[in-house]
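Reviewing the structure listed below.
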Amino acid sequence: MKSKFFVAIILFLSFLAFSGDTLNSEVLENEEFSFRGVTWGMTREQIKRVEILDLEDEDDSHLFYLHELLGEDVVLIYAFNRRDEVITMGYMFMDKYRDGEEYLFDLVELRDM
């Protein structure tokens, strides 16, 4: 489990290395957006107070939580810019799908949540 966790984190951090510190202005204008009670621009300390899961790990620009979603192990990741504002948040599934239909089924189920 730990090796999958670290591989997932490395892949996610690689993705973030190519991402900028800015958000789409249309998203910023929508102040009602919320993901697990977190809104764009919240600080790491604000998120720690709101997030009900136990913190698994953190570094200078990320918070990591282990979670289960749709019966699958996931890593919940919050990423922060240099001003300590959340710029990316989401789930990373730990297991690979063997069948494309399973992936699509879960994607539709997630969308409808």
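Since every read-out is calculated from the coordinates, none of them should be taken as a lab result. Given the structure is predicted, the values throughout are model-derived calculations rather than measurements. Cβ coordinates were reconstructed from backbone atoms using ideal geometry, including for glycine residues, and neighbour counts include every protein chain displayed.
Considering only segment 32-67, state which residues are hydrophobic (A, V, I, L, M, F, W, C), crowded, with 16+ Cβ neighbours inside 10 Å and within 17 Å of residue 87 (Cβ to Cβ).
38, 40, 42, 47, 63, 64, listed by residue number.
Among the residues of segment 90-108, are any surrounded by fewer than 10 Cβ atoms within 10 Å (Cβ to Cβ) and touching a residue at least 24 places away in the same chain (Cβ under 8 Å)?
Within segment 90-108, none of the residues are surrounded by fewer than 10 Cβ atoms within 10 Å (Cβ to Cβ) and touching a residue at least 24 places away in the same chain (Cβ under 8 Å).
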